[in-house]
Amino acid sequence: MDRFKKIYDSSGRALRVLYINAFGLRNNSRYRQWERLLDGIEYTERLDREGQIRFVQERLSEIIGFAINNVPYYKKFSSLGKDLNASNVYKILEELPVIGKEDINREPEAFLSVGRRNYMTSKTSGTTGTPLYVRMDRYTFLLGDALWWRRTRWAGFEKGDWIARLVGDPIIPLRVKEPKKPWIISGLDRRIYLSTFHLSRDTAVKIGELLNRKRPAYIMGYPSSLEILSNYLDESGFEIQWRPKNILFSSEPMYTHQEKIIRRVFKSDIRGLYGSGEKVISAAQCAEGTYHLSLVDGYLEGQFGIMENRQPGLVTTLTNKVMPLIRYEIGDVIKAEPSFNCGCGRTLPVIDPVITKQEDWVITPSGRKIAPSAIVWAFIHQDIRGIHKAQVVQEEAGSVKVYVNTGESNFLKYKDVLKESMNKVFFDEMDIEIIRADRIDVKQSGKSRFVVNKLRRGFEDAAADPES
Ligand SMILES: [Zn+2]
């Protein structure tokens, strides 16, 4: 892949368009596979609770039975096998240890089932900053992708709909500083790839004009990129002249201030997706705004109210026998809502929107954990405008740096106000430095985070990379 990236980057634009379209051809066959898979599991969206519990317990007992016989790490639990059956599997599950990324990285081979030769590898990183390579069979991988696609299906996708993407696709080489066309259009699968890395006031207007011309049914992006694009368009007085069916986001939480500006510019509903590179859990937002778990990929403890909903969330795969993750600490705080009935008619288990990754707190000297949604308040309650992007970084115990991407005059105007409200949010426990920055740390994947806590054992990139 790296080699291809080199060839791609050194090619001229015409060749790059060709590559992306060839990729689109391959995508079309993947979409067909996803559609078939989704048709096959559609009935799980409306099972009654009893039916769901049965569905999950059968698969859980199969996975656990398989693991204690075939996975070195779980062989010491083989005595559990004699009592294991579908009806008591939730009890047996509780006897197995909770595992985290560190446990797996300490002895990765121990988590691989014996004799498996064919597998795919999904790389994730996150909570500890340590990359984790999860090996899985083709079905698990495909199912994970299909479930992410299901969100678009729920949002009324019809054959022929165009989708614009602003999700860190590295389609324009970074050596091109100011591209005339910060996008590549793939006609074969009707995708518009927008360059997340080249967003500026200039390119935003060009992108706006392109969108007005092509009128894609969906715009898919990271909340931070959608926010930057919307802010630039808004400031330039640019009018979006059609209404997309939906704005779709993933990979980062969507904060209220981001939602506000994106809605103002695109006048469209927003639907989120929560996914994991490990392909053990995913949740998609329905028209009612509810996040529904998938039922088929993994089991979140607490989703039925049978087991306790522990934090961070504990998840067990229902499909992956190559490297079965059991009671795996996903690293996100996931609050199950087992008694919630959604108006959309789907009975799938419900979770609260996943707001914070575990490391995304600021921790004050007295031990208070301040969540990003609380820190955001410092920006919105004063109606501070003209800030393209902000990032709060904690590198030391008693201080934070607040980077704001905005013009000089705006910066002078709001600096003190911002500092004052930041003081409030942190209960006057932190030294706060407000810094004007031309660029906010955007990771290689094109994502950025609102709150970065560098104190907690190093830090890397966000965990999941849905639909990329
Ligand atoms: Zn619903």
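The values are calculated or read from the model by the stated rules, or taken from the named source; none is laboratory data. For clarity, every value in this text was computed on a predicted model and none was experimentally measured. Cβ sites come from the backbone with ideal geometry, for glycine too, and all protein chains shown count toward neighbours. Accessible surface is based on the protein model in full, side chains and every heavy atom, while ligands, DNA and RNA are left aside. Shrake-Rupley method; radii C 1.70, N 1.55, O 1.52, S 1.80 Å.
Output the helices (runs of 4 or more DSSP H) that fall wholly within the range 3-102 and possess 2 or more residues being under 30 Å from Arg310 (Cβ atoms) and among the small types (Gly, Ala, Ser), or say none. Break it down stepwise before answering.
Working: elements: 13-41, 49-70, 89-95.
Here the list reads 49-70.
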It is to be established whether one or more residues within the range 387-403 are part of a strand (DSSP E or B), out of contact with any Gly (no Cβ under 9 Å at 6 or more places or on another chain), modelled with pLDDT under 85 and open to solvent by 30 Å² or more (accessible area, probe 1.4 Å).
no
So, in the range 339-353, of the ones that are open to solvent by 40 Å² or more (accessible area, probe 1.4 Å) and away from the ligand (no atom under 11 Å from the Cβ), which residue ends up nearest to Tyr274 (Cα to Cα)?
Pro353
If I go through the range 390-422 residue by residue, how many of them are out of contact with any strand residue (DSSP E or B) (no Cβ under 7 Å at 6 or more places or on another chain) and among the hydrophobic types (A, V, I, L, M, F, W, C)?
3
Picked from the range 316-338 (must be within 16 Å of the ligand (Cβ to nearest atom) and closer than 18 Å to Phe55 by Cβ), the residue surrounded by the most Cβ atoms within 10 Å (Cβ to Cβ) is Ala336
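Only one of Ser61, Ser10 is open to solvent by 30 Å² or more (accessible area, probe 1.4 Å) and either out of contact with any strand residue (DSSP E or B) (no Cβ under 9 Å at 6 or more places or on another chain) or at pLDDT 95 or above (or both); which? So that I can check it myself, show each step before the final result.
Numbers: Ser61 fails: open to solvent by 30 Å² or more (accessible area, probe 1.4 Å).
From the options Ser61, Ser10, the qualifying one is Ser10.
Please tell me if Leu248 is under 28 Å from Arg138 (Cβ atoms) and either more than 16 Å from the ligand (Cβ to nearest atom) or out of contact with any helix residue (DSSP H, G or I) (no Cβ under 6 Å at 6 or more places or on another chain) (or both). Don't jump to the end; show me each part of the working.
Details: under 28 Å from Arg138 (Cβ atoms): yes; either more than 16 Å from the ligand (Cβ to nearest atom) or out of contact with any helix residue (DSSP H, G or I) (no Cβ under 6 Å at 6 or more places or on another chain) (or both): yes.
Spelling it out, Leu248 is indeed under 28 Å from Arg138 (Cβ atoms) and either more than 16 Å from the ligand (Cβ to nearest atom) or out of contact with any helix residue (DSSP H, G or I) (no Cβ under 6 Å at 6 or more places or on another chain) (or both).
Considering each of Lys415, Lys369 in turn, give the residue that is open to solvent by 40 Å² or more (accessible area, probe 1.4 Å) and modelled with pLDDT of 90 or more. Before you say what the answer is, go through the steps one by one.
Details: Lys369 fails: modelled with pLDDT of 90 or more.
Of the residues listed, the single one that is open to solvent by 40 Å² or more (accessible area, probe 1.4 Å) and modelled with pLDDT of 90 or more is Lys415.
State whether the residues of the range 117-129 include one that is in a loop (DSSP other than H, G, I, E, B), under 25 Å from Ser294 (Cα atoms) and polar (S, T, N, Q). Walk me through it before giving the result.
Of the range 117-129, the ones in a loop (DSSP other than H, G, I, E, B) are 117-119, 125-129.
Next, from what is left, pick out any that are under 25 Å from Ser294 (Cα atoms): 119, 125-127.
Then keep just the ones that are polar (S, T, N, Q); that gives 125, 127.
Yes, the range 117-129 contains a residue that is in a loop (DSSP other than H, G, I, E, B), under 25 Å from Ser294 (Cα atoms) and polar (S, T, N, Q).
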In the range 274-308, which residue that is open to solvent by 10 Å² or more (accessible area, probe 1.4 Å) and within 16 Å of the ligand (Cβ to nearest atom) is nearest to Leu142 (Cα to Cα)?
Tyr274
